[in-house]
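Undergrad: The following block contains the structure, expressed as structure tokens.
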Amino acid sequence: MGAGQAQAATTWKIQSVWDAGTVGYDLFEEWANSMKEKSGGELIIKPFPAKSVAADNNALFEAVRNGVLQGMNPFTLYWSGKIPATVFLSSYPAGPDQPHQWDIMFYDLGMLEKTREIYKKYGLFYVGPIQHDANIIHSKVPVNSLDDLKGMKMRVPGGMVAEVFQQFGVSTVSLPGSDIFPALEKGTIDAADYVGPAVNYELGFSQVTDYIMFGPPGVMSIYQPVDLMDLTVNLRAWNALDPKLQKLVEQEVRNYSQKHYLTIQKRNIEAMKKFVADGDTVTRLGQDDLEKFRKAAIPIWFNWASKDEDAKAILDIQIKYMMNPTMGYITEDDIKGL
């Protein structure tokens with residue numbers, strides 16, 4: 001090929017919210033570095049770990065909008081204060097609780113297209129969701145039903161999650177991840193939510209709690225069962241990319257999502273064996289508890305959807321899906337008057 005015909009490679013700088021040295025960042029770095037070969041040298045992605053270019057989440061969001069970075073790999077829920085609809089772009093209390101349900105909503109029921117419309121208003125392009133894991137609760141006392149939660153002091157995320165747990169008599173507190181272990185150790189809290197078993201074991205939770213609260217069989221978490229990450233890029237950078245490279249990036253995000261999820265799940269299985277060996281006991285809420293939790297959560301869903309027309313549009317897609325007989329999670333009576 002003549003020198004005048006050769007096309008210069010496009011280089012994107014993308015920062016993840018995973019810290020360097022974690023399994024999450026290792027997987028992201030491997031994926032980013034693979035794109036040069038997969039694109040025939042036309043797209044080079046330079047990965048960066050958390051805080052390496054943008055010091056915090058707010059700076060990360062602005063860095064991508066302004067083109068300092070061409071993309072980011074965040075937890076989608078981080079932007080609920082900036083983009084209210086994102087509270088419904090990752091799992092929420094008693095909503096869709098299986099990973100495939102979220103892929104169906106994004107890729108088959110129009111949620112991806114609507115999400116991209118929303119992000120466009122902010123100068124961003126939402127490439128696609130990346131499956132991560134469920135968030136679970138570690139407790140000093142057994143929780144075999146929602147009634148057992150009454151009077152407990154628990155670390156949970158704020159917002160919708162805290163509001164629902166408060167309906168069952170829980171005193172909720174917000175703590176950064178680094179403060180959870182000492183709070184449990186000192187007994188200033190009775191229980192704590194954090195991410196999945198693999199990371200929580202590495203953080204030493206088995207040393208300061210004896211019980212792990214899951215939902216009914218097949219459901220690890222009833223409050224945040226499918227915590228999603230994503231790949232979001234600067235809209236100008238996306239539009240400048242050759243259409244065939246756009247299609248490649250979209251497909252590779254779907255491939256990466258599967259690999260990321262499966263790797264985390266394998267680590268979870270290994271971690272649960274360690275929890276059990278350390279003497280931890282898994283307790284499960286029943287199906288009736290899940291139904292009670294959902295009834296308490298539904299009005300709160302609608303309160304959050306009322307914050308923004310885009311949030312309403314996303315929840316509408318999900319409500320219709322949850323009412324479909326293939327799911328049967330809610331009925332007309334559940335949402336009457338809301």
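The values are calculated or read from the model by the stated rules, or taken from the named source; none is laboratory data. Note that the structure is a prediction, hence the values are computed from the model and not measured. Cβ sites come from the backbone with ideal geometry, for glycine too, and all protein chains shown count toward neighbours. Remember, those area values only see protein heavy atoms, side chains included, never the ligands or the DNA or RNA. Shrake-Rupley method; radii C 1.70, N 1.55, O 1.52, S 1.80 Å.
Undergrad: Among the residues of segment 23-66 satisfying the criterion of being of a type in the set (Gly, Ala, Ser) and under 22 Å from residue 252 (Cα atoms), which is modelled with the lowest pLDDT?
TA: Looking at residues that are of a type in the set (Gly, Ala, Ser) and under 22 Å from residue 252 (Cα atoms), I get 24.
Undergrad: In addition: Restricting attention to segment 81-111, which residues are part of a helix (DSSP H, G or I), modelled with pLDDT of 95 or more, open to solvent by 10 Å² or more (accessible area, probe 1.4 Å) and more than 19 Å from residue 328 (Cα to Cα)?
TA: Within segment 81-111, just 107 meets the criteria.
Undergrad: Let me ask something else about it. Answer yes if at least one residue in segment 246-256 is aliphatic (A, V, I, L, M), in a loop (DSSP other than H, G, I, E, B) and open to solvent by less than 20 Å² (accessible area, probe 1.4 Å), and no otherwise.
TA: Looking through segment 246-256, none of the residues is aliphatic (A, V, I, L, M), in a loop (DSSP other than H, G, I, E, B) and open to solvent by less than 20 Å² (accessible area, probe 1.4 Å).
Undergrad: Quick one: which of 225, 216 is assigned to a loop (DSSP other than H, G, I, E, B), more than 30 Å from residue 38 (Cβ to Cβ) and touching a Leu at 6+ places or on another chain (Cβ under 7 Å)?
TA: Exactly one residue qualifies, and that residue is 216.
Undergrad: For segment 133-147, name all the residues that are crowded, with 18+ Cβ neighbours inside 10 Å, out of contact with any Phe, Trp or Tyr (no Cβ under 7 Å at 6 or more places or on another chain) and not hydrophobic (A, V, I, L, M, F, W, C).
TA: 133
Undergrad: Out of 122, 78, which single residue is touching a helix residue (DSSP H, G or I) at 6+ places or on another chain (Cβ under 8 Å), open to solvent by 10 Å² or more (accessible area, probe 1.4 Å) and farther than 19 Å from residue 12 by Cβ?
TA: 78
Undergrad: Moving on. Identify, from the list 218, 169, the residue that is within 20 Å of residue 292 (Cβ to Cβ) and either touching a Pro at 6+ places or on another chain (Cβ under 6 Å) or open to solvent by 60 Å² or more (accessible area, probe 1.4 Å) (or both).
TA: 218
Undergrad: Further question: Please state which of the following conditions residue 307 fails to meet, knowing it meets all the rest: (1) open to solvent by 80 Å² or more (accessible area, probe 1.4 Å); (2) under 30 Å from residue 205 (Cα atoms); (3) assigned to a loop (DSSP other than H, G, I, E, B).
TA: Exception for residue 307: condition (2).
Undergrad: I'd like the full set of residues that are in a loop (DSSP other than H, G, I, E, B) and either within 15 Å of residue 91 (Cα to Cα) or of a type in the set (A, V, I, L, M) (or both), limited to segment 116-171.
TA: 134, 135, 141, 143, 152, 156, 157, 158, 170 - these are the residues of segment 116-171 that are in a loop (DSSP other than H, G, I, E, B) and either within 15 Å of residue 91 (Cα to Cα) or of a type in the set (A, V, I, L, M) (or both).
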